[in-house]
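See below for the structure under consideration.
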Amino acid sequence: MYQQVVPVNQARHAKTKVKVNNDFHFAAGFHLAYVTAHEFVRAAATYPLVFLEDKGQDVFRPVALLGLDAGENLFVNEQGSWEASYIPAIIRRYPFALTKSADADRYLVCIDEASDLISETEGSAMFDEQGQPTQVIENVKRYLSELQQMDMMTQSFTEFLVHNNLLTPLSMRVNAAEQVRNITGCYVINEERLNNFSDTKFLEIRAKQYLPAIYAHLISLPQIERLVSLKKAASAIAQDAAAAPLGQPVAEPVGASSEPNAETLQ
């Protein structure tokens with residue numbers, strides 16, 4: 001997603017503008033997206049939520065599965081629209097990001113200068129004529145700060161799951177577009193282990209306010225069937241397009257809108 005990330009700087013970005021639109025072509029190649037625990041309840045209505053192991057940092061990260069094949073996002077159509085009611089926050093924050101400063105315990109607001117969403121002729125200015133940050137920058141700072149706080153809570157949540165041996169590998173075979181796909185490399189919460197917790201441990205989970213995220217995750221897993229249906233529909237449209245004579249439009253169904261380790265989907 002990010003190609004040329006640099007800290008936002010008044011001298012460098014005095015004339016930079018940010019275009020506000022609903023074009024998500026930049027995310028068309030992402031088959032998964034990181035989500036915070038705060039997003040689980042809303043995201044679970046559309047996406048299967050699983051955990052991936054980041055072996056480099058020895059942590060687990062929750063992600064929403066957006067497709068069955070690496071490099072394919074089944075929720076972004078050819079026009080660049082996102083065909084779901086909820087869009088993960090990490091997608092919505094683009095082209096901005098928050099990175100930790102190398103020389104201090106603070107974070108810097110950064111921007112991807114390679115993004116098609118920034119321009120010097122279109123969009124909302126980042127700085128005014130006096131060189132002061134506009135409301136665009138203030139809104140971005142507030143939004144990224146909130147995401148950073150949610151990310152810290154999510155780290156504590158996943159550490160709790162690991163410490164209490166609640167994560168178990170997911171192995172599933174699905175039949176999509178006349179091909180059997182193996183979903184591996186993901187982890188899910190073991191419901192049996194959860195149900196065997198003592199009353200004291202269960203009350204601890206409630207006190208930490210982890211219950212909504214846990215149950216949202218479990219409820220989300222059948223959404224894998226949604227991905228299968230979307231994959232079959234996308235494959236059918238592609239086959240029709242390939243079979244259609246040159247110059248003949250391909251009919252598409254009306255209202256077709258649907259509500260770290262690369263081995264995740266094979």
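Remarks
- Solvent-accessible area per residue for the chain (1.4 angstrom probe, square angstrom): 55 Å²
- Accessible surface ranking that places the most exposed of ASP103, ASP23 first, with a 1.4 angstrom probe: ASP103, ASP23
- Each stretch of four or more DSSP H residues adds -39500 (n - 2.57); spread over every residue of the chain, this sum gives -9500 deg cm²/dmol at 222 nm.
- Top positive-direction residue, dipole computed over the chain with Cβ charges, set PHE202, PHE96, GLN223: PHE202
- Members of LYS55/LYS100; LYS19/LYS208; LYS208/LYS231; LYS55/LYS201 lying beyond 32 Å, as alpha-carbon distances in this model show: LYS19/LYS208; LYS208/LYS231
- Within the accessible area of the chain, the carbon and sulfur atoms contribute 48%, probe 1.4 Å, all protein chains present.
- Computed from backbone phi with θ = phi - 60° and the Karplus coefficients 6.51, -1.76 and 1.60, the 3J(HN,Hα) list for region 208-214 is 7, 6, 8, 4, x, 5, 4 Hz; x is used for glycine and proline.
- Near GLU72, the amide H atoms lying under 5 Å from its own belong to HIS31; only residues 5 or more places off or on other chains count, and H is placed 1.01 Å from N.
- Whether region 114-180 is rounded, prolate or oblate, judged on the alpha carbon gyration tensor where a/c under 1.5 counts as rounded: oblate
- Three-way shape label, region 37-116, alpha-carbon gyration tensor, a/c 1.5: oblate
- Rounded if a/c under 1.5, otherwise prolate or oblate - region 176-238, Cα gyration tensor axes: prolate
- Reported label for calculated volume of the Cα convex hull per residue in Å³ given [x] 194; [y] 131; [z] 157: [z]
The values are calculated or read from the model by the stated rules, or taken from the named source; none is laboratory data. This one's a predicted model, so the numbers in the text were calculated from it and none came from an experiment. Reconstructed Cβ throughout: ideal geometry from the backbone, glycine too, with neighbour counts over all protein chains shown. What goes into the accessible areas is simple: the full protein's heavy atoms, side chains included, and nothing from ligands, DNA or RNA. Shrake-Rupley method; radii C 1.70, N 1.55, O 1.52, S 1.80 Å.
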